[in-house]
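Heads up, the thing below is written out as structure tokens.
The values are calculated or read from the model by the stated rules, or taken from the named source; none is laboratory data. The model shown is predicted, which means the values in this text are computed figures rather than measured ones. No Cβ is skipped: glycine too gets one built from the backbone with ideal geometry, and neighbour counts run over all protein chains shown. All accessible areas refer to the heavy atoms of the entire protein, side chains included, with ligands and DNA or RNA removed. Shrake-Rupley method; radii C 1.70, N 1.55, O 1.52, S 1.80 Å.
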Amino acid sequence: MTTAPPAPRDVLTQLEAEARAARISGTSYELTLDLTAGAERYRGTSTIRFNDSGQGDTIIDLTGSTIESLVLNGESIDTPEWDGHRITLPGALLQAENLLLISYENEYDHSGDGFHQFIDPEDGEEYLYSNFEPFSAHKLLPCFDQPDIKATYHLTVTAPADWEIVHNSAATSTNQLDDGRTRHEFAKTQSFSPYLFALICGPYQAFRDTHGDIDLGFFCRRSLAPHLDQDELFEVTKQGLDFFAEFFDYPYPFGKYDQIFVPEFNAGAMENVGAVTFAEVFVFRDPPTDNQRLNRAEVILHEMAHMWFGDLVTMRWWNDLWLNESFATYMSYLALVEGTRFHSSWQVFNSGMKNWAYRQDQLITTHPIAGEVADTDQTFLNFDGITYGKGAATIKQLVATMGMDGFRNGMRTYFQRHQYGNTSLAEFLDALQDGSRSVGDDRDLHEWARLWLETPSLNTLAASWEADGDRVSAMQLQQTAPPDHQTLRPHHIEIALARDEGDSITIETVPGVIESDSADVPEAIGLAAPQFVFPNYNDHDFVKIALDDASLDFVREHLERIDDPLLRQLIWQALWNMVRDQQLRAPDYLELAGPKVAAERDPELVESTLSTMTASVGRYIPEAQKELVAHNSFELAWRTLNTVSDPDLRIIWARTLINLAITSDDISHCARLADGDLTVDGLTIDQNMRWEIAVRTVAYNISGAADRIRDERKRDPSDRGQRQMLRAEVSVPDADVKEAAWNRFLGDGYGSLHLTRAAMGGFHWWSQRDLLANYTERFFEVIPGVFERSENEFASTYFGSLFPTRVEPAVLERSQQLLATLGDGQPLLSRLLRESNDDLERALKCRAFAASGTA
């Protein structure tokens, strides 16, 4: 028996992966797991078959507590060379065909990665699930944990008899054992990467259906089952399966299709083959808006698209992560628009995914969509707005360039050519090139990819025109690039020309193509002279838009009269970018946006605009003005909440009202709303709203706060209530409370990462900035050690939750000082510091610009 030593950092480099993939092939795993209810550990036995064409030692990955036995090709290795993460297989024992037997014991994980264990505080039930991307499969089973060593898996699990056991494949047999447990054997899977292996266990409530010959399942905790709206979930699932099978001309490849809502999940969802896991936020405990339903449908379709993009065909290494995420994102929105009832989804794509991408691509840490990823730690960094949002927006631009028919044909070629294999960018482009040629387009997609996928940052487009009388005599597009990233790209766009006809705003469109710094638009000549021009109509491009002075004056006056909600969304996005670029003062933006958003009746537009207004108040309004501006915005929200009739708009305005409450009077106003002393026709203050109000009363020391928290906990005994209680406990404006929480964050935490994250959410409050002043220096003193000794999820959570929130030059200077000392030794911390510094510097500039009074 070998016990794991203190382990080094668990990371795999690209060079190591390439060397191992060059010698290892023909891999299969037979895994037997022994699970007992209420235990802290589980046991496993793995039989691994693989071919080896190399020389000398090789490595297999296993993070565990104890190796009980290890036998390689019949030779027992009593004391294997194991650092807690990697087992060295001695070259003297390796053969062309190998048989490796490993028995081991391991502790459950509580970080949301690996094999996670959760105890439901509401009913005491135990739930388990796996989550492995990018490099955690070896926390459950010994394996060659990299995407290009695909394998088959044959799983047997012994577990409590009342547990559901969900795996990538269907169960072939279940047998009752004498100890009251049940042994489940599953069909041998098709070949896929280790990070896509899935095992979900516990007394989950099952909901089942079929679609053609595909068995469908949804699963959630028993305590959440009353909230699971299975009809809509199955409807979207079936619509997605039909859409993708037809679009790709390739039927769903993995037999059954299960979807499981799991507790304390770190991401939104994970595309495990045939067993997709989702965060429980998508089980609506409170009445959702239709936007929430749309966003859930997008996540369902995103993960389903991965069954083809990512699972059937997988990137060779993580530098082509975008081949998974960008295409799954683009295809999910395309499926929403063309295959479901959510026909306005491109508008949501713009306000959500693209705004995330625009922010990420303007940070100092911007990177190419397809770039170098030296190791798995760097992979963790690239699950970002560029990989998801910019990549998907770039694919939308590619489709505008090559046409949907060529794109579809290329996708069909790609899956037929590379099914069950691994690919790189070059192989993907070759398939697309063939698809493009099938419709008579011989453009060089490799050059297009070099400009769009292999260079960072984004361009800005502007339009100028001349008129002869009331007709356009000339129109020109201009393209610019940032000084640090001067790539100019080809852009295929639609240009909107708008004018006020009295009763309505009339819009004409013309196509535009620009590949250098300028291009003429001959199609515009002779059209009626516009009052407003927008050179990205229908949002086919990933660019910033610079509005000319005449167009800016027009939208100030008439924006709400434009009928097209996507165009209104694009204009609001351009205005928001002007705020961030210090071209429009934040107070002026709020003054412009306030009355227009109050009159807006498109829920997505209202929600996205209110989000930017709230962000302006939080970061871009000078400190001396913040309380007054927040209160004025609160008053706008209250007035509008009392006038809107649409149920979704009521919910959106009520949530905004609570988020804008940063004064004692405004928080007390919200408390009266929760208590029923104030009412709004048609509005119910749901449990999430009640918790947010209650925690704010604690943070601001409002009379009766402690009793309010206790009452809410009685009302909500669930895990959500447990997390909110922790947040409330840390929110108390008391030095001893803050000190105790700080020490606990640095110590054993609050049980799981999810609970610790909830407690961290109560540490920083704007009203407590003086109380927390000394924690600025303490944060920068301890943060390097946090990253040295912690896993990535905890370290990034600690940073994101506890980085000082004060918008002050001294915070920026201290952060820059720390960054200068790190060198190349801590890439994750360095990147997060650089991004936070970039955001903070932008906020300081926006505040200075707002205070200057400059128009």
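For Ala740, all conditions in the list (1) without any contact (Cβ under 8 Å) to a residue 24 or more places away in the chain; (2) farther than 30 Å from Ala624 by Cβ; (3) touching a Phe, Trp or Tyr at 6+ places or on another chain (Cβ under 8 Å); (4) not β-branched (Val, Ile, Thr) hold save one; what is the number of the exception? Unmet for Ala740, out of (1) without any contact (Cβ under 8 Å) to a residue 24 or more places away in the chain; (2) farther than 30 Å from Ala624 by Cβ; (3) touching a Phe, Trp or Tyr at 6+ places or on another chain (Cβ under 8 Å); (4) not β-branched (Val, Ile, Thr): (3).
Looking only at residues in the stretch 274-293 that are aliphatic (A, V, I, L, M) and surrounded by fewer than 21 Cβ atoms within 10 Å (Cβ to Cβ), the one that is nearest to Phe327 (Cα to Cα) is Ala279. Taking the stretch 729-828 and the helices (runs of 4 or more DSSP H) fully enclosed by it, no element has 3 or more residues that are modelled with pLDDT under 95, open to solvent by 50 Å² or more (accessible area, probe 1.4 Å) and of a type in the set (D, E, K, R). Looking only at the stretch 531-572, which residues are within 17 Å of Gly389 (Cβ to Cβ) and polar (S, T, N, Q)? Asn536, Gln569, listed by residue number. The residue that is least open to solvent (accessible area, probe 1.4 Å), among those in the stretch 18-38 that are touching an Asp or Glu at 6+ places or on another chain (Cβ under 9 Å) and of a type in the set (A, V, I, L, M), is Ile24. If you filter the stretch 67-107 down to residues that are in a loop (DSSP other than H, G, I, E, B) and among the small types (Gly, Ala, Ser), you find that the one that is least open to solvent (accessible area, probe 1.4 Å) is Gly84.
Just one residue in the set Ala550, Ala615 is in a helix (DSSP H, G or I), free of Cβ contacts under 8 Å to residues at least 12 places away in the same chain and either among the small types (Gly, Ala, Ser) or closer than 17 Å to Ile505 by Cα (or both); that residue is Ala615. Scanning the stretch 529-582 for residues that are acidic (Asp, Glu), closer than 17 Å to His492 by Cα and touching a strand residue (DSSP E or B) at 6+ places or on another chain (Cβ under 7 Å) gives a single hit, Asp541. Checked against (1) free of Cβ contacts under 8 Å to residues at least 24 places away in the same chain; (2) under 16 Å from Ile24 (Cα atoms), Glu75 passes all but condition (2). Scanning the stretch 404-421 for residues that are outside any helix (DSSP H, G or I) and either open to solvent by 30 Å² or more (accessible area, probe 1.4 Å) or of a type in the set (Ser, Thr, Tyr) (or both) gives Gln419, Tyr420.
Evaluated against (1) closer than 24 Å to Thr805 by Cβ; (2) under 29 Å from the mean Cα position of the chain (by Cα); (3) surrounded by 21 or more Cβ atoms within 10 Å (Cβ to Cβ), Val597 falls short on exactly one condition, (1).
Trp653 meets each of the listed conditions (1) within 24 Å of Arg690 (Cβ to Cβ); (2) open to solvent by 30 Å² or more (accessible area, probe 1.4 Å); (3) in contact (Cβ under 8 Å) with a residue 24 or more places away in the chain; (4) out of contact with any Phe, Trp or Tyr (no Cβ under 7 Å at 6 or more places or on another chain) apart from (2).
Of note, Trp308 does not satisfy the criterion of being touching a strand residue (DSSP E or B) at 6+ places or on another chain (Cβ under 9 Å) and either among the hydrophobic types (A, V, I, L, M, F, W, C) or closer than 29 Å to Arg723 by Cβ (or both).
Mind counting the residues in the stretch 479-493 that are open to solvent by 50 Å² or more (accessible area, probe 1.4 Å) and either among the acidic types (Asp, Glu) or in contact with a helix residue (DSSP H, G or I) (Cβ under 7 Å, 6 or more places away or on another chain) (or both)?
1
Can Asp162 be described as more than 31 Å from the chain's Cα centre (by Cα), without any contact (Cβ under 8 Å) to a residue 12 or more places away in the chain and open to solvent by 10 Å² or more (accessible area, probe 1.4 Å)? Judged against the criteria, Asp162 is not a match.
In the stretch 185-228, what residues are open to solvent by 40 Å² or more (accessible area, probe 1.4 Å), of a type outside the set (Lys, Arg) and within 16 Å of Val281 (Cα to Cα)? Selection gives Pro226, His227. Every condition in (1) surrounded by fewer than 19 Cβ atoms within 10 Å (Cβ to Cβ); (2) within 29 Å of Leu398 (Cα to Cα); (3) among the acidic types (Asp, Glu) holds for Asp553 except the one numbered (2). A count restricted to the stretch 335-348 and to residues that are touching a residue at least 60 places away in the same chain (Cβ under 8 Å) and part of a helix (DSSP H, G or I) stands at 6.
Looking at Glu591, Glu560, can you tell me which residue is touching a Pro at 6+ places or on another chain (Cβ under 9 Å) and open to solvent by 20 Å² or more (accessible area, probe 1.4 Å)? The conditions single out Glu560. Can Thr182 be described as of a type in the set (Val, Ile, Thr), farther than 23 Å from Tyr420 by Cβ and open to solvent by 30 Å² or more (accessible area, probe 1.4 Å)? When the stated conditions are applied, Thr182 does not pass them. If only residues of the stretch 39-66 that are closer than 19 Å to Asp145 by Cβ and not in a strand (DSSP E or B) are counted, the one that is least open to solvent (accessible area, probe 1.4 Å) is Leu62. Looking at Ala426, Ala392, Ala400 in this structure, which one is open to solvent by less than 30 Å² (accessible area, probe 1.4 Å), among the hydrophobic types (A, V, I, L, M, F, W, C) and in a helix (DSSP H, G or I)? Criteria check complete, one pass: Ala392.
Would you check if there is a residue in the stretch 297-306 being over 25 Å from Phe135 (Cβ atoms), of a type outside the set (Val, Ile, Thr) and either open to solvent by 10 Å² or more (accessible area, probe 1.4 Å) or free of Cβ contacts under 8 Å to residues at least 60 places away in the same chain (or both)? Within the stretch 297-306 (the criterion being over 25 Å from Phe135 (Cβ atoms), of a type outside the set (Val, Ile, Thr) and either open to solvent by 10 Å² or more (accessible area, probe 1.4 Å) or free of Cβ contacts under 8 Å to residues at least 60 places away in the same chain (or both)), the answer is yes, since at least one residue qualifies. A search for C-beta distances below 8 Å between a residue of the stretch 119-130 that is surrounded by 17 or more Cβ atoms within 10 Å (Cβ to Cβ) and any residue that is in a loop (DSSP other than H, G, I, E, B) and of a type in the set (Lys, Arg), counting only pairs 6+ apart in sequence or on different chains, returns Asp120/Arg221; Glu125/Arg221; Tyr127/Arg221. Annotation note: Cβ proximity below 8 Å between a residue of the stretch 48-60 that is closer than 17 Å to Pro142 by Cα and a residue that is small (Gly, Ala, Ser) and open to solvent by 30 Å² or more (accessible area, probe 1.4 Å) (sequence gap 6+ or interchain) occurs for Arg49/Gly26; Phe50/Ser25; Phe50/Gly26; Asn51/Ser25; Asn51/Gly26; Asn51/Ala96; Asp52/Ala96.
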